[in-house]
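Read the structure below first, then the notes.
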Amino acid sequence: MPLVNNKVGDESTVSTGKSLTDAKALVESLIKVVACHRHLASCMGGCTDSLQLRDELRQTRERALTLAISICQRLTTTLRDKSLPQEQRQDSELLWVSFSSSLELLHIDMCKVFKMADIFTIAENTSLVLTGLQGGGTEVAARALSLQDLQQVESTEPPAGLEGQERSNLEQDISRMDHMIDDMESKVNVLRWMVEPQGTLFPVGSTDSMSMALLSVDEECPGPGTDVESAEPAPLCQRSHIFALILLSVVIMVAATLSVCIVLLT
Amino acid sequence: MTIQNTLRDHGQRHRPRMACLHKAESVVLEMQDPRSGVRSQPQRLVITTIPHAVTGEDIVSWLSERLLVDADEARSVGSMLAALGYIYPLQQHKRLLIRADASLYRFQTPYFWPTQQWPVEDTDYAIYLAKRNIRKKGILELHEQEQYNRLHKWMNHKWDFIVMQAKEQYRAAKERKKPDRVVFECQERAYWVVHRPPPGTVSAMDFGLERRADPNADQAPTPDFYERIMIFTQQSIMRPRVKSSVSLGALVKYCSTYQSHDPFLSRPLPSNPWHTDDASYWTLNAHNVETPTKQRVERWTFSFAELLSDPRGRDDFRMFLKKEFSGENLAFWESCEDLKWGTAATMKEKAEQIYKTFLARGAPRWINIDGKTMEITIKSLKHPHRYVLDAAQTHIYMLMKKDSYGRYLKSPVFKETQKKAVTPEEHKFTDSQLEQNARTRRPSLSPIVLRQLEAERRAKMAAAAPVDITQLCRFTTPVPHLAVYSGFLDSASSPSLPVPALSAGCPSPISLALDGSPPAPAPPPPAPPRSRVGVSLRRLLRRGCGPIGVFASLSPKCNNALATAGGAGGRVQPISGERQGQAPPKRFGNFFQMKVDIPPECRIYPIESEDEEEERAPPGGAGAKEIICPWESLSSQTGTS
């Protein structure tokens with residue numbers, strides 16, 4: 001039996017294809033970590049601010065940075081490769097744009113955290129803003145670090161003087177990110193306005209059920225009651241579907257009874 | 001980079017009006033103190049309870065105690081904190097003000113505080129809208145939808161990232177507990193209400209232009225930095241100083257004159273539109289209103305600049321000048337302003353137009369400026385730039401101010417306007433009426449429409465521009481003949497130039513007849529000008545430069561005329577009696593001749609209060625010649641002009 005060689009393409013393209021999918025997965029996880037970092041940063045300075053929160057922030061940030069560095073290396077090598085086929089180049093440019101945007105977001109968040117740490121220091125017991133939060137960010141941090149077990153996020157009691165060290169670490173991280181961004185810009189020239197996104201625009205104000213099915217991620221389960229002024233949604237889609245079905249069945253039944261009556265009477 | 005004002009700058013020049021943010025932050029931080037801060041209570045929702053809600057009355061009472069102000073002031077301070085985004089209301093989240101009742105508010109988390117270093121990014125807004133789209137399945141408000149579409153267009157390349165980030169943020173939020181999720185959504189929504197306000201609301205974050213550099217940032221003490229400080233201080237020493245008695249006197253005078261006209265210090269009638277949302281003040285003081293208000297008319301008496309800067313005042317003044325037949329001054333001034341402020345592309349044409357209309361010899365609306373200024377102006381018109389007519393404009397402005405303005409204030413025109421001026425009644429709106437007004441607010445006319453109206457008006461005025469009757473020359477011969485202008489020091493006689501007529505202004509024979517009698521001559525020029533006339537003519541002929549030279553080159557007959565004029569230069573003298581006797585019949589003869597020759601075109605020559613005119617019989621009509629501006633002369637100019 002002759003071996004069926006399914007590999008039509010070149011060895012190198014296959015490997016770049018594989019590295020591209022790897023990079024894609026890494027970018028997605030970076031986006032996830034950036035989102036979690038943002039949530040954690042929004043708790044900072046509030047009444048739930050604590051050393052644990054700061055620690056979670058630090059861990060999230062470090063994870064984000066490691067991800068970023070590896071993505072950076074991969075994508076840079078991919079994009080500097082002149083012999084890349086057009087499709088793959090487009091894909092990698094798309095990834096590049098996503099990557100640099102998430103880096104920008106992360107950079108801003110880190111700067112904000114740095115500034116806020118100046119104003120709100122845990123050790124000195126400055127009055128924290130009563131924001132109405134009750135829980136901490138432990139679950140979010142767990143999600144960021146992709147940890148199954150929440151307990152793993154627990155940190156040991158940090159020694160005093162940690163905040164100063166934290167601050168300098170943060171500063172270093174920020175400057176590292178600055179360098180990385182500069183490097184990126186100088187090594188790879190991606191024309192951002194030439195990049196075509198693949199996703200669909202969320203239909204604004206339309207009731208296209210198909211696209212809504214695509215977009216509706218993790219619907220809120222209709223709770224026992226909705227809050228009056230909170231932004232919690234009442235998912236009307238399911239309810240409207242049920243109503244429509246009930247109406248239809250009622251109409252069919254009425255039609256059936258009418259036809260039966262007609263048959264009986266005539 | 002500017003020299004720093006070391007005293008208490010508070011970054012005002014970097015982002016003016018935002019120095020309050022630091023102060024607001026410190027107040028808000030004080031409010032958080034568990035012992036001496038604001039009393040908080042839990043907010044009960046259907047299933048959850050969220051702590052740290054504060055009632056409006058608590059906020060107001062705390063502020064009035066702490067800042068030692070009364071309740072109204074405390075309420076407005078609280079509203080300012082809400083408008084800046086430090087406190088957000090839980091009910092009616094779009095109206096950022098504090099009500100001193102039991103309505104609930106909460107403090108915004110420091111991540112969402114407005115601080116100078118963190119610009120509000122459109123990317124974040126796009127992510128937020130995308131998130132709301134996911135949750136609420138496409139239910140965004142109208143302005144949000146518009147913003148969304150706009151952002152999608154401008155950030156198209158990032159859109160994958162935005163969608164993915166929105167989804168991830170949504171999923172991360174789900175990890176949190178329900179009350180925290182609710183709180184976070186409220187916080188984010190409040191943040192975007194502050195920074196992307198719905199249309200029609202006033203945003204407190206509107207701080208105007210942003211400067212590139214923060215003057216309060218630490219500057220390295222380089223030698224350059226010190227040098228700039230030295231230059232600055234040297235210049236301050238060299239500045240001219242005024243005695244304080246003089247300057248204070250001027251200040252006091254200004255304040256006392258303008259106090260009743262200042263909208264902050266006294267009530268504008270009928271009502272201040274910014275307070276009562278009633279635009280009748282603006283409609284009553286519009287540009288082309290028939291009857292101005294008494295206040296406005298009073299303002300015109302303060303100074304000439306006030307009169308000119310108010311368009312209605314300028315119209316009134318124009319009407320007065322029309323009656324006095326000196327409208328060309330104001331017209332010249334206005335066209336100079338037009339030149340100064342117009343676009344660079346039209347400058348050359350405008351300068352030409354102004355020259356032809358006002359400055360050239362024989363121009364239809366010749367203005368009376370002294371010879372030196374005229375010389376300078378004409379010389380510099382060769383290379384026209386924006387401020388080329390500045391000297392002439394200043395001269396005319398001073399002329400109008402010293403002469404016409406005083407007469408205007410005593411004139412019947414002005415007295416008539418003063419009598420007709422109205423004093424509007426003051427509005428007294430109740431609170432409900434004020435609300436009604438706020439609801440029925442309409443935007444004003446778009447500036448594009450206003451500009452078009454203005455252009456139309458100006459075109460209409462230019463089309464209907466009167467030919468100033470005093471400028472009609474007695475002579476309407478087509479031949480350039482000698483005329484002397486009192487403006488020139490050397491009173492050079494030169495052939496005046498036939499000008500193509502203005503569209504509306506044809507000298508009627510009546511006016512010519514009226515001008516039959518020679519105008520009362522200004523004090524006759526002393527003897528030297530006589531010889532100077534001859535000298536200058538000869539000079540001009542020799543050099544062949546200037547407008548005269550041009551015409552000489554254009555028409556042989558003119559040459560002839562010039563030659564004869566040159567020859568007769570010595571004969572030029574103040575009009576003697578027998579000369580004058582000669583003039584009228586000849587004039588009429590010419591007039592009829594002209595009528596036959598060139599009916600539709602009217603030639604208008606400036607009449608001079610001076611005399612010294614000579615007519616030359618038109619040897620068959622030299623034909624209409626355009627006034628050619630000196631910088632366009634095609635013939636060689638052998639000498640400097």
Hey, any hits in the range B:91-105 for a residue that's assigned to a loop (DSSP other than H, G, I, E, B), within 11 Å of chain A (Cβ to nearest Cβ), open to solvent by 20 Å² or more (accessible area, probe 1.4 Å) and at positive phi?
yes
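Please determine whether any residue of the range A:188-199 is away from every other protein chain (no Cβ under 14 Å), modelled with pLDDT under 85 and surrounded by 10 or more Cβ atoms within 10 Å (Cβ to Cβ). Break it down into steps so the answer makes sense when it comes.
First pass over the range A:188-199, keeping only residues away from every other protein chain (no Cβ under 14 Å): A:188-189.
Now narrow it down to the ones that are modelled with pLDDT under 85: A:188-189.
Then keep just the ones that are surrounded by 10 or more Cβ atoms within 10 Å (Cβ to Cβ); that gives A:188.
Yes - at least one qualifying residue is present in the range A:188-199.
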Identify the residue in the range B:166-198 that is part of a loop (DSSP other than H, G, I, E, B) and in contact (Cβ under 8 Å) with a residue 60 or more places away in the chain and, among all such residues, is nearest to A:S98 (Cα to Cα).
B:R196
Give the number of residues within the range B:45-87 that are surrounded by 18 or more Cβ atoms within 10 Å (Cβ to Cβ), more than 53 Å from the chain's Cα centre (by Cα) and either of a type in the set (S, T, Y) or farther than 17 Å from B:V182 by Cβ (or both).
1
Which residue pairs have Cβ atoms closer than 6 Å, lie 6 or more positions apart in sequence or on different chains, and pair a first residue in the range A:98-109 that is within 8 Å of chain B (Cβ to nearest Cβ) with a second residue that is part of a helix (DSSP H, G or I) and hydrophobic (A, V, I, L, M, F, W, C)?
A:S98/A:V27; A:S98/B:F161; A:S101/B:F161; A:S102/A:L30; A:S102/A:I31; A:S102/A:V34; A:L105/A:V34
Applying the selection to the range B:400-421, what residues are open to solvent by less than 60 Å² (accessible area, probe 1.4 Å) and touching a helix residue (DSSP H, G or I) at 6+ places or on another chain (Cβ under 9 Å)?
B:M400, B:S404, B:Y405, B:Y408, B:L409, B:S411, B:V413, B:F414, B:T417, B:A421
What are the residue pairs meeting all of these: first residue in the range B:24-46, first residue facing chain A (nearest Cβ under 8 Å) and of a type in the set (V, I, T), second residue open to solvent by less than 30 Å² (accessible area, probe 1.4 Å) and in a helix (DSSP H, G or I), Cβ atoms under 9 Å, and 6 or more apart or on different chains?
B:V28/B:L81
Here is a list of conditions, (1) open to solvent by less than 10 Å² (accessible area, probe 1.4 Å); (2) in contact with a Ser or Thr (Cβ under 9 Å, 6 or more places away or on another chain); (3) more than 26 Å from B:Y125 (Cα to Cα), and A:A142 meets all of them except one; can you say which number that is?
(2)
Might you let me know whether the range A:107-120 holds any residue that is modelled with pLDDT under 90, more than 20 Å from A:V188 (Cα to Cα) and in contact with a strand residue (DSSP E or B) (Cβ under 9 Å, 6 or more places away or on another chain)?
yes
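Okay, residues lined up against (1) open to solvent by 30 Å² or more (accessible area, probe 1.4 Å); (2) modelled with pLDDT under 90; (3) at the interface with another protein chain (Cβ under 10 Å from one of its Cβ atoms):
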| residue | (1), (2), (3) |
| --- | --- |
| B:R176 | no, yes, yes |
| B:T201 | yes, yes, no |
| B:A204 | yes, yes, no |
| B:E210 | yes, yes, no |
| B:N216 | yes, yes, no |
| B:M238 | yes, no, no |
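What is the residue count in the range B:422-436 for residues that are surrounded by 14 or more Cβ atoms within 10 Å (Cβ to Cβ) and more than 30 Å from the chain's Cα centre (by Cα)? Don't jump to the end; show me each part of the working.
The first filter runs over the range B:422-436 and keeps only residues surrounded by 14 or more Cβ atoms within 10 Å (Cβ to Cβ), leaving B:422, B:424, B:427, B:429, B:433-434.
Filter again for more than 30 Å from the chain's Cα centre (by Cα), leaving B:427, B:429, B:433-434.
Residues flagged as surrounded by 14 or more Cβ atoms within 10 Å (Cβ to Cβ) and more than 30 Å from the chain's Cα centre (by Cα) within the range B:422-436 amount to 4.
Yes/no per residue for (1) part of a helix (DSSP H, G or I); (2) surrounded by 20 or more Cβ atoms within 10 Å (Cβ to Cβ); (3) facing chain A (nearest Cβ under 7 Å); (4) touching a residue at least 60 places away in the same chain (Cβ under 8 Å):
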{"residue": "B:K131", "(1), (2), (3), (4)": "yes, yes, no, no"}
{"residue": "B:Q145", "(1), (2), (3), (4)": "yes, no, yes, no"}
{"residue": "B:K153", "(1), (2), (3), (4)": "yes, no, no, no"}
{"residue": "B:M164", "(1), (2), (3), (4)": "yes, yes, yes, no"}
Check B:P42 against each of (1) assigned to a helix (DSSP H, G or I); (2) out of contact with any helix residue (DSSP H, G or I) (no Cβ under 8 Å at 6 or more places or on another chain); (3) open to solvent by 60 Å² or more (accessible area, probe 1.4 Å) and name the one condition it does not meet.
(1)
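Would you point out the residue of the range B:133-143, among those that are assigned to a helix (DSSP H, G or I) and within 7 Å of chain A (Cβ to nearest Cβ), that is surrounded by the fewest Cβ atoms within 10 Å (Cβ to Cβ)?
Taking the range B:133-143 as the starting set, the residues that turn out to be assigned to a helix (DSSP H, G or I) are B:133-136, B:142-143.
This time we only want the ones that are within 7 Å of chain A (Cβ to nearest Cβ), so: B:133-136.
Working: B:N133: 24, B:I134: 22, B:R135: 21, B:K136: 15.
Out of the qualifying residues, it is B:K136.
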Mind counting the residues in the range A:16-61 that are closer than 26 Å to A:L75 by Cα and either of a type in the set (S, T, Y) or within 21 Å of the chain's Cα centre (by Cα) (or both)?
25
When the residues of the range A:37-51 are filtered to those that are in contact with a Phe, Trp or Tyr (Cβ under 9 Å, 6 or more places away or on another chain) and within 19 Å of B:P51 (Cβ to Cβ), which remaining residue is farthest from the other protein chains (Cβ to nearest Cβ)?
A:D49
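Each row is one residue, and each column tells you yes or no for (1) farther than 14 Å from A:V140 by Cα; (2) touching a Lys or Arg at 6+ places or on another chain (Cβ under 7 Å).
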site: A:I31; (1), (2): no, no
site: A:H37; (1), (2): no, yes
site: A:R54; (1), (2): no, no
site: A:L57; (1), (2): no, no
site: A:A68; (1), (2): yes, no
site: A:Q73; (1), (2): yes, no
site: A:T76; (1), (2): yes, yes
site: A:D81; (1), (2): yes, no
site: A:Q86; (1), (2): yes, no
If a residue must be touching a helix residue (DSSP H, G or I) at 6+ places or on another chain (Cβ under 9 Å) and within 14 Å of chain A (Cβ to nearest Cβ), how many such residues does the range B:178-199 contain?
10
Those residues that are within 14 Å of B:V27 (Cα to Cα) and within 14 Å of another protein chain (Cβ to nearest Cβ), I need them from the range B:52-65; list them, please.
B:I59, B:W62
Which of the residues belonging to the range B:438-461 are hydroxyl-bearing (S, T, Y) and open to solvent by 80 Å² or more (accessible area, probe 1.4 Å)?
B:S444
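The values are calculated or read from the model by the stated rules, or taken from the named source; none is laboratory data. Please read all numbers here as calculations on a predicted model, not as lab measurements. Methodologically, a virtual Cβ is constructed for each residue, glycine included, from the backbone with ideal geometry; neighbour enumeration extends over all protein chains shown. Ligands, DNA and RNA are excluded from the accessible area calculation, which covers all protein heavy atoms including side chains. Shrake-Rupley method; radii C 1.70, N 1.55, O 1.52, S 1.80 Å.
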